[in-house]
Each structure stands twice: as structure tokens, then as C-alpha cells.
Amino acid sequence: MKRFDAYDSDLLVALASISAGYPFRGKIDALPSGDVAVIQMRNANPETGIDWEGLARVELPRESAKAFLRPGDVILSTRGGRNFPYYIEERDEQVVCSPHFFVICVRTDAILPQFLAWQMMQKPAQDYFAAGATGSYILNLKREVVENLPIAIPPLPQQQHIADLDLAVRGERAILTQLIDNRAAEMTAIAQELLAPAFQRPEQRAS
């Protein structure tokens, strides 16, 4: 297993294996219902993460244990200029992702998968992906571009600290978003109660 000195760096391909998601043929939603959850582009949001409840559950045409995502994997969206990473945590179900994602599996203990996902979300990596994407209509990220992504490798304690901070930020953002949504719903209810009578017809007000 390759080792790294503090504040070293290397290309992603030296740190992790990179493969495409499950090779579905045809529409995923047309498959029979089953017990395998499928992450599609529509289920992934860089702000809120993966919408686990909204995943389609299907029966795979060709089941393979190699296709299932494992805790610690990072998936990277590859199409449409939305090249965002998502860290996969422990799940009580079998999960695959569509071929519009790359599956990145860290192969060294020198870098934490959570830290890798955080680093790939930051501006230097996002600018790199944007510059390397190809396609005249729908942008697409090729594997060799992802493989050659430069990765910084600080000491593990620093990686863990950054990963913990990122998790805290995501939690705080979720709480604030919920508070904003609750306040917006409250204001909508107030507006409906206060203003609706003014828009009633005269005969309705008279009655």
C-alpha cells in the first residue's frame, strides 16, 4: 500500500479505483420493483445530498456484488456540468448508481474518503472538471480527466478535522433551510388569512 508524507499530493488514480456506475440498458423506472435502490442524477443535490427516500427500488437485470456501493465509496456525477461528489455512508439496503456517476473507491489509508469528497467539491477541483468536460450539447466528464485530478494529502488529523467541519456545516445548513421553509409557510398562511377576503366578490363578502 502506497504511503505519503505530510502535505504530499498525487493524482486521484494513484489513490483510488474509478469505475462507472451500473450499466443499465433502457429506462430504470421501467424495471420491475425490487429491493435494490438506484441513485440517479435526479436524486442527488450538492446542497442536500442524496434523497434516499426518493430512490427507485428495482430488480436488477444482471445482479453483481461488484456493482453494489459500499460504505466509504464516493460517487461523482459526470453529466451536464454538475460534477459533484457524494460520500456513501452505511445503508441497510443494497444500492447501485446509474452510469451517469463514477464510483471512486479509495485504495490507501493515507486519505479519508470524506475528505476526498470535500476536496472534490471545492473550487479548484470544480474548475478542473469544468475545463476538462467535453460535449457540444450535454457536457460529459471522461474517466481519464477524473483519474488525473490532483489531490492534496494533508495529515490525517487535519483531514478528519476538515471532514468534521464539513459535516457540521451541512447539518447547520439543513437546520437553517428548514427554519426558512417553516417561516415561509407561516407567512403564506398569514397572507391567505389576511388578504383572501379582499379578493372575494362583493356578493360573497355581503353574505
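The condition of being in contact with an Asp or Glu (Cβ under 7 Å, 6 or more places away or on another chain) and more than 21 Å from Pro71 (Cβ to Cβ) holds for only one of Ile180, Ile153, that being Ile153.
For the stretch 124-142, a residue qualifies if it is assigned to a loop (DSSP other than H, G, I, E, B) and surrounded by 12 or more Cβ atoms within 10 Å (Cβ to Cβ), and the qualifying residues are Ala133, Gly135, Leu139, Leu141, Lys142. May I ask you to say which residue of Gly81, Gly26, Gly72 is touching a helix residue (DSSP H, G or I) at 6+ places or on another chain (Cβ under 6 Å), part of a loop (DSSP other than H, G, I, E, B) and either among the hydrophobic types (A, V, I, L, M, F, W, C) or at positive phi (or both)? Criteria check complete, one pass: Gly72.
Residue pairs whose Cβ atoms lie under 9 Å apart, sitting 6 or more positions apart in sequence or on different chains, and linking a residue in the stretch 125-138 that is on the phi < 0 side of the Ramachandran plot to a partner that is open to solvent by less than 60 Å² (accessible area, probe 1.4 Å) and among the aromatic types (Phe, Trp, Tyr), are Gln126/Phe84.
Of all the listed residues (Gly54, Gly80), the sole one being open to solvent by less than 60 Å² (accessible area, probe 1.4 Å), more than 24 Å from Leu167 (Cα to Cα) and at pLDDT below 95 is Gly80.
The residue pairs whose first member lies in the stretch 143-165 and is closer than 11 Å to Ser9 by Cα and among the small types (Gly, Ala, Ser), whose second member is modelled with pLDDT under 95 and assigned to a strand (DSSP E or B), and whose beta carbons are closer than 7 Å, counting only pairs six or more residues apart or on different chains, are Ala152/Ser9.
Inside the stretch 143-159, residues that are among the aliphatic types (A, V, I, L, M) and part of a strand (DSSP E or B) make up a count of 3.
Against the test of being within 18 Å of Tyr86 (Cβ to Cβ), of a type outside the set (Gly, Ala, Ser) and surrounded by fewer than 17 Cβ atoms within 10 Å (Cβ to Cβ), the options Val169, Val146 yield a single qualifying residue, Val169. Scanning the stretch 84-111 for residues that are assigned to a loop (DSSP other than H, G, I, E, B), polar (S, T, N, Q) and open to solvent by 10 Å² or more (accessible area, probe 1.4 Å) yields a single hit, Thr108.
Would you mind stating whether Ile162 is under 22 Å from Ser77 (Cα atoms) and open to solvent by less than 70 Å² (accessible area, probe 1.4 Å)? So Ile162 fails the test. Out of all the residues in the stretch 40-63, which are in contact (Cβ under 8 Å) with a residue 12 or more places away in the chain and more than 24 Å from Val169 (Cα to Cα)? Gln40, Leu55, Ala56, Arg57, Val58, Glu59, Leu60, Pro61, Glu63, listed by residue number.
The values are calculated or read from the model by the stated rules, or taken from the named source; none is laboratory data. Predicted model only: the values in this text are computed from it and were never measured. Positions of Cβ are generated from backbone atoms using ideal geometry, with glycine treated the same way; all protein chains shown enter the neighbour counts. Side chains are part of the model used for accessible areas, which takes the heavy atoms of the whole protein and leaves out ligands, DNA and RNA. Shrake-Rupley method; radii C 1.70, N 1.55, O 1.52, S 1.80 Å.
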